[in-house]
Amino acid sequence: MNKGFTVWFTGLSGAGKSTLSQILGKKLKEFGRNAEILDKDLVSANLCQDLGLTKDDRDICIQRIAFVCKLLTRNGVAVLSPAISPYREARETARNEIEHFVEVYVKCPREVCVERAVKGLSGRALKDNVKEFAGISDPYEEPLNPDVVVETDKETIEESANKIVQKLIELGYISQTGSAGHVYSPEEEDKIKERLSRLGYL
């Protein structure tokens, strides 16, 4: 049976977590692995629909996501979780709960994230001064020792995704004998970003 693992993306809203999880999911198929992506719509509708944006609520949401990741991972599933997870302690609790845990810090300057998400929640949070929005009116605590750091304002989607793939190979979670993978052209990357932005993922 395949070894299960969780790739836990963390970063500001608009940094590119969901975009990367979608691209990584496609790449994992090239290595013979299907991935379960716990995107924000799935989580909001099924796990955290009763929660708000307070710190306590965010922590509870992360606990629930981590529990699902733990169950899936121990049963051999590759899980991709692109939650913001702004608080360091909650992320460390998730790491301790999930046996094969890979923390990916999707690093991007706040001003770039706001520009990307100007039509989404980040822009509204600035305009309307919404309280307790992670990284704007509420703190975002950067990871101290992430397993992978990608910088989406400096790297292409392909470069960032390949960093994560390489780490998964190093850790023995996927085999290097898998397909070399498809290289996305700049035009393909732009189309992917546009589609995911329309869906509210970026």
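Every number here is computed from the coordinates shown, using simple stated rules; none is lab data. Just so it is clear, the model here is predicted, and its values are computed rather than measured. All Cβ positions, even for glycine, are placed from backbone atoms using ideal geometry, and neighbour counts span all protein chains on display.
Name the long-range amide H neighbours of A78: under 5 Å, sequence gap of 5 or more, or other chain; modelled H, no Pro or chain starts. Distant-sequence amide H within range of A78: F5, E36.
Packing, taken as the mean count of other beta carbons within 10 Å per residue, orders the peptides 81-90, 52-61, 68-77, 7-16 from highest to lowest as 7-16, 81-90, 68-77, 52-61.
Near the amide H of F101, within less than 5 Å, lie the amide hydrogens of T6, all on another chain or at least 5 residues away, with H placed in the peptide plane.
Per-residue extension of 0.36 nm, minus the Cα-Cα distance of K167 and D56, leaves a gain of 36.7 nm for this segment. With semi-axes defined as the square roots of five times the eigenvalues of the C-alpha gyration tensor, the equivalent ellipsoid of the range 51-91 measures 21, 9, 8 Å, largest first.
Hull volume per residue, based on the alpha-carbon atoms of the range 1-76 and their convex hull, is 91 Å³. Please tell me which of these pairs span more than 29 angstrom C-alpha to C-alpha: K40/K107; K70/K154; K3/K26; K29/K107; K27/K70? The answer is K70/K154.
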